[in-house]
1. Counting only residues that are touching a residue at least 60 places away in the same chain (Cβ under 8 Å), out of contact with any Leu (no Cβ under 6 Å at 6 or more places or on another chain) and in a strand (DSSP E or B), how many does the range 29-45 have?
2. Looking at (1) out of contact with any Asp or Glu (no Cβ under 7 Å at 6 or more places or on another chain); (2) in contact (Cβ under 8 Å) with a residue 24 or more places away in the chain; (3) of a type outside the set (A, V, I, L, M), can you tell me which one Y118 breaks?
3. Just to check your reading of the model, which residue among L233, L226 is more than 19 Å from P49 (Cβ to Cβ), touching an Asp or Glu at 6+ places or on another chain (Cβ under 8 Å) and of a type in the set (A, V, I, L, M, F, W, C)?
4. Taking A169 as the residue in question, decide whether it is closer than 26 Å to I281 by Cβ and small (G, A, S).
5. Would you mind stating whether T249 is within 20 Å of P177 (Cα to Cα) and more than 19 Å from the chain's Cα centre (by Cα)?
6. I'm checking my understanding of the structure. Among residues of the range 257-275 that are charged (D, E, K, R) and open to solvent by 50 Å² or more (accessible area, probe 1.4 Å), which one is modelled with the lowest pLDDT?
Amino acid sequence: MDSKAVHNGESTGPLIVSFGEMLIDFVPTVSGVSLAEAPGFLKAPGGAPANVAIAVARLGGHAAFVGKLGDDEFGHMLAGILGENGVSTKGINFDLGARTALAFVTLRADGEREFMFYRNPSADMLLTPEELNLELIRSAKVFHYGSISLIVEPCRSAHLKAMEAAKEAGALLSYDPNLRLPLWPSPAEAREQIMSIWDKAEVIKVSDNELEFLTGSDKIDDAAALSLWHPNLKLLLVTLGEKGCRYYTKNFHGQVDAFNVKAVDTTGAGDAFVGALLSKIVDDQSVIEDEPRLREVLKFSNACGAITTIKKGAIPALPTTSEVLTFVKGA
């Protein structure tokens, strides 16, 4: 951990800043039932950008989260969870009027999810450009974000300003659209807004479902993936669940197989994958141009994703480096 010494509970070293929402997922105590049928719920901290920040920190990286929480018990609990996991909370604001967002998540029998959100509006939607900690954002080597922060103002303007500040300061921009259709006014609006910032990102990760949604193609193939390519892009990743992931760069493309596990809950698997990837390239982005090294990184990232599906909830399931290495050895 020479370049990533721990200082005041946080790692030092090249910084990965994650921007967007953090919320509480309420997960049924019983799998494979509808929300109405669930006898009870467990509260699990979540929100893709926050999950990514914690995934990075668990793997020994230096991470910060930028976003807004309600000035309520849940909001302070979430900020506390970030801090306990070694994520810098210097980019967090608290809203006195709006509550922390909640999501009720149904786990179907196959471990896949359905969502019902309580955001009317929630605090994360009310982050303003003026509230951004630009000093923190400008110190990022990697700036990571999703698309939920693009849905409404003022958060959309805050997102665009943060992205621009990070880019001007030389950060690598990383984008995981993390499509949640129930939150958008319409599928057409979701597609348009997700694509409105597409050509800014240098690393993009989409799931197979998102690839279908964004391209309108029912085929998950190279042609569909490459239709999303743009000139600023360095690495495009398509995650395929139990089939692993595909990768595309300017000079080569290929597929890395997944690890075979019995999935209990897929929440956070994509975030674990992204956090692992970013933690491995933040020190040396030339990995992206070196196929054998990139494949090793993606194997590690696939392992992180697989481990996360074995337990319920996203953050409790995110692995440490030693857990990943043990898992890979035993696989």
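1. Keep residues of the range 29-45 that are touching a residue at least 60 places away in the same chain (Cβ under 8 Å), which gives 31-35, 38, 41-42, 44-45.
Filter once more, so that each one left must be out of contact with any Leu (no Cβ under 6 Å at 6 or more places or on another chain): 32-35, 38, 41-42, 44.
If we keep only those that are in a strand (DSSP E or B) as well, we get 41-42, 44.
Count: 3.
2. The one condition Y118 does not meet is (2).
3. When all the criteria are applied, what remains is L233.
4. Numbers: closer than 26 Å to I281 by Cβ: yes; small (G, A, S): yes.
Against the criterion (closer than 26 Å to I281 by Cβ and small (G, A, S)), A169 qualifies.
5. Yes.
6. K262
Here's the yes/no breakdown for (1) at pLDDT below 95; (2) basic (K, R):
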position	(1), (2)
I148	no, no
R156	no, yes
H159	no, no
S174	no, no
L181	yes, no
W184	no, no
Q193	no, no
I204	no, no
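Per-residue answers, yes or no, for (1) outside any helix (DSSP H, G or I); (2) of a type outside the set (V, I, T):
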residue	(1), (2)
K262	yes, yes
S286	no, yes
P316	no, yes
V324	no, no
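The values are calculated or read from the model by the stated rules, or taken from the named source; none is laboratory data. Quick caveat, the model's predicted, so the values are computed rather than measured. Every residue, glycine among them, receives a Cβ derived from its backbone with ideal geometry; neighbour counts consider all protein chains shown. Keep in mind that these areas ignore ligands, DNA and RNA; they rest on the heavy atoms of the full protein, side chains included. Shrake-Rupley method; radii C 1.70, N 1.55, O 1.52, S 1.80 Å.
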